[in-house]
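What follows is a short report on a single structure.
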Amino acid sequence: MSSQVRKNNRSRSSNHVRKLAFSAMFAALALIFSYVEVLIPVPVPIPGVKLGIANLVILIAIYRLGFRYAFTINCVRIVASGLLFSGVFGMIYSFAGGILSIIIMYLLYRTKLFSMVGVSMAGGVAHNLGQLATACLIVSNIKLMSYFAVLLFSGLISGILIGILAYHIEKRLPKDIN
């Protein structure tokens, strides 16, 4: 093997280890944010309305680490926070919302047509839609979808706030996190 090939392999391996380390830190941070969110009372006491601050980490991970790493971070956070804070049903709802949300955010990010705030807004709405659709399936009642108007508005507002925060944080992160 030539020295150039060995050097490229080492560089690739080093980059993978680096992304893995950042992923672990991002997953821990997202879990901490999930816990903080449990402690913070929501300004509007409406069922299902949350700030979604853990999504801040997921959004930055999409932009800096790519879909595969962001998806893994999201899944680790959902399972850990479900086991620690919300139980099995909370985990089911979070998975439905989290998976739909990250897929939508990544697809919009890939188009390069939307700002980080726009991507975050869509993620907030998609998360609420995924959770509400899951609730409809679990209780076998489509009438729950009438609640979507409330969740649409809350998803847009929290998405805007999280998107603005993520934008400012991502700009300040070192460029070698990717």
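Taking the structure as given and computing log10 I(q)/I(0) by the Debye sum over Cα atoms at q = 0.08 Å⁻¹, which label from (1) -0.27; (2) -0.22; (3) -0.34 fits? Only one listed value fits the structure, namely (1).
Note on the chain: GNM, Cα springs under 10 Å; of Gly52, Gly87, Gly123, the largest mean-square fluctuation is that of Gly87. Between Leu113 and Leu152, the C-beta separation translates, for a Förster distance of 22 Å, into a calculated FRET efficiency of about 0.60. Evaluate E = 1/(1 + (r/R0)^6) for Lys171 and Val42, where r is the Cβ-Cβ distance and R0 equals 22 Å; express this FRET efficiency to the nearest 0.05. Working from the Cβ atoms, E equals 0.20. Backbone geometry of the stretch 109-122 corresponds, through the Karplus equation with coefficients 6.51, -1.76 and 1.60 at θ = phi - 60°, to 3J(HN,Hα) couplings of 4, 4, 5, 6, 8, 10, 6, 4, 5, x, 4, 5, 4, 4 Hz, x marking Gly and Pro.
If you put +1 on each Lys and Arg Cβ and -1 on each Asp and Glu Cβ, how big is the dipole of the chain around its Cα centre, in Debye rounded to 20?
Values: 16 positive and 3 negative charges, 189 e Å.
Dipole about the Cα centre, nearest 20: 900 debye.
Order these by the 10 Å Cβ neighbour count, fewest first: His168, His127.
Details: His168 10, His127 28.
Ranked by crowding around the Cβ, least crowded first: His168, His127.
The sum of -39500 (n - 2.57) across all DSSP H runs of n ≥ 4, divided by the residue count of the chain, sets its helix-only mean residue ellipticity at 222 nm to -27000 deg cm²/dmol.
The angle separating the long axis of helix 148-172 from the principal Cα axis of greatest extent in the chain is about 30 degrees.
Spacing of the modelled spin labels on Ala28 and Val139, each 7 Å from Cα toward Cβ, amounts to 3.9 nm. Other residues within the sphere of radius under 15 Å centred on the Cβ of Lys175, judged by their own Cβ, net out at +3 (K and R +1, D and E -1).
Bear in mind these aren't lab numbers, they're just calculated from the coordinates by the rules spelled out. Remember, it's a predicted structure, so these values are computed and weren't measured experimentally. Cβ sites come from the backbone with ideal geometry, for glycine too, and all protein chains shown count toward neighbours.
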